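> My questions will all concern the structure given below.
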Amino acid sequence: EAQVTQNPRYLITVTGKKLTVTCSQNMNHEYMSWYRQDPGLGLRQIYYSMNVEVTDKGDVPEGYKVSRKEKRNFPLILESPSPNQTSLYFCASSRDRGSYEQYFGPGTRLTVT
Amino acid sequence: DQQVKQNSPSLSVQEGRISILNCDYTNSMFDYFLWYKKYPAEGPTFLISISSIKDKNEDGRFTVFLNKSAKHLSLHIVPSQPGDSAVYFCAASARTGGTSYGKLTFGQGTILTVHP
């Protein structure tokens, strides 16, 4: 089954404790992206990757890191989480940058206390 | 700067009636528009899209209308069904290249509730 998976689905952590949210897709997609969803703000792009070893900032990259060492994986790293990073996070992928239909993972609910 | 806006946070309709969800945008470079549907505890799923060279695109019960002069698009669902109850996001993109190429800008979402 074609899908985007994220882990963990729910995470509660404390300020400053490094964490990684994993994302994996099995569709051989080149383009991957991370979004956060906040009330009243919709989905905002954090980082994106056009292919292996090619990543770039989205609209709200501060406090986040990403890496793309393999085509299927695109982890999101919070080196020192803060309460304002409490949010619902989605990973998405598409065939390539010009394919606008993106496939989304189920989301990760992160709470930073 | 919210370039894509959905000004109605919620919409409630009766089963069988028409649902109309609206979306406005400000960036005149946007030339491709999409609607996504999101159920609780799931990621958004693609619903329907439209290119700026068209003013209407239809897929079954779903029709998207684009008014470029007004920078406005709408999603019509006819007839509405209880299973359509979800959050609907509109998104826009510019195919003109540069750093914006391939990037989707989303609206805030509209919660649609269809009552049996």
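No value in this document is a laboratory result; all are computed from the given coordinates. Since this is a predicted model, take the numbers as computed values, not measurements. Heads up, the Cβs are rebuilt from the backbone with ideal geometry, glycines too, and the neighbour counts pull from every protein chain shown.
> Applying 1/(1 + (r/R0)^6) with R0 = 22 Å to the Cβ-Cβ distance of A:THR5 and A:ASN28, what FRET efficiency is obtained, to the nearest 0.05? Display every interim value, and only then the final one.
Numbers: r = 15 Å, r/R0 = 0.67.
Between A:THR5 and A:ASN28 the formula returns 0.90.
> If you put +1 on each Lys and Arg Cβ and -1 on each Asp and Glu Cβ, how big is the dipole of chain A around its Cα centre, in Debye rounded to 20? Let's see the in-between values first.
On the way: 14 positive and 11 negative charges, 57 e Å.
It works out to roughly 280 debye.
> Which of B:TYR25, B:TYR88, B:THR110 sits closest to the plus end of the dipole of chain B, meaning its Cα is farthest towards the positive end, when Lys and Arg get +1 and Asp and Glu get -1 on the C-beta?
B:TYR25
> Next up: Binning at 5 angstrom from zero up to the longest distance, how are the C-alpha pair distances of the range B:50-91 distributed in percent?
6, 19, 30, 23, 13, 7, 1
> Tell me the relative contact order for the range B:40-96 as a rounded percent, counting alpha carbon contacts under 8 Å between residues six or more apart.
On the way: 47 pairs, mean separation 12.0, N = 57.
For the range B:40-96, the relative contact order is 21 percent.
> Given the convex hull of the Cα atoms of the range A:72-113, what is a quarter of its surface area in nm²?
Details: hull surface 15.2 nm².
In nm², the orientation-averaged hull projection of the range A:72-113 is 3.8.
> For the protein assembly as shown, compute the orientation-averaged projected area of the C-alpha convex hull (one quarter of its surface), in nm².
Dividing the Cα hull surface by four gives the mean projection, 12.4 nm².
> Still on this structure: If you average 1/r across every pair of different Cα atoms in chain A and take the reciprocal, what Kirkwood value do you get, in Å? Don't jump to the answer; show the numbers that get you there.
Details: mean 1/r = 0.0722 Å⁻¹.
For chain A, inverting the mean 1/r across all distinct Cα pairs yields 13.9 Å.
> Roughly how crowded by other chains is peptide B:106-116, in terms of the mean Cβ count from those chains within 10 Å of each of its Cβ atoms? Please list the in-between numbers first.
Details: counts 7, 3, 7, 6, 0, 0, 0, 0, 0, 0, 0.
Averaged over the peptide's residues, the number is 2.
> Nearest-5 percent of antiparallel DSSP beta bridges in chain B? Show your work: numbers first, answer last.
Values: 36 of 42 bridges.
The answer is about 85 percent antiparallel.
> Another question, if that's okay. Mind checking the range A:10-94 for chymotrypsin sites (Phe, Trp or Tyr not before Pro) that DSSP puts in a loop (not H, G, I, E or B) and that have at most 15 other Cβ atoms within 10 Å? Please list the in-between numbers first.
Values: sites: A:TYR10, A:TYR31, A:TRP34, A:TYR35, A:TYR47, A:TYR48, A:TYR64, A:TYR89, A:PHE90; in loops: A:TYR64.
Answer by residue number: there is no such site.
> Can you return the aspartates and glutamates within cross-link range of B:LYS71? Criterion is Cα-Cα under 13 Å, with same-chain partners fewer than 8 residues away left out.
Within the straight-line cut-off, B:LYS71 pairs with B:ASP24, B:ASP31, B:ASP55.
> Out of A:SER87, A:SER67, A:THR113, whose Cα points farthest toward the positive end of the dipole of chain A (charges: +1 Lys, Arg; -1 Asp, Glu; placed on Cβ)?
Farthest towards the positive end: A:THR113.
> Starting from the Cα of A:LYS71, draw a straight line to each of the lysines and keep only those under 20 Å, dropping any in the same chain fewer than 8 residues away.
Excluding near neighbours in sequence, the set is A:LYS57, B:LYS103.
> Looking only at other chains, what is the average number of their beta-carbon atoms within 10 angstrom of each beta-carbon in A:98-106?
Numbers: counts 5, 1, 13, 7, 9, 4, 7, 3, 3.
Going residue by residue through A:98-106 and averaging, the value is 6.
> Something else: Partner chain Cβ atoms within 10 Å, averaged over the residues of B:44-52 - can you pull that number for me?
Working: counts 10, 4, 6, 1, 0, 2, 0, 1, 0.
So the per-residue partner count for this stretch is 3.
> Run through the range A:8-113 and list the trypsin sites (Lys or Arg not before Pro) located in a DSSP loop whose Cβ has at most 12 other Cβ atoms within 10 Å.
Working: sites: A:ARG9, A:LYS17, A:LYS18, A:ARG36, A:ARG44, A:LYS57, A:LYS65, A:ARG68, A:LYS69, A:LYS71, A:ARG72, A:ARG95, A:ARG97, A:ARG109; in loops: A:ARG9, A:LYS17, A:LYS18, A:ARG68, A:LYS69, A:LYS71, A:ARG72, A:ARG95, A:ARG97.
In loop regions of the range A:8-113 (DSSP not H, G, I, E or B), the sparsely surrounded trypsin sites (Lys or Arg not before Pro) are A:LYS17, A:LYS18, A:LYS69.
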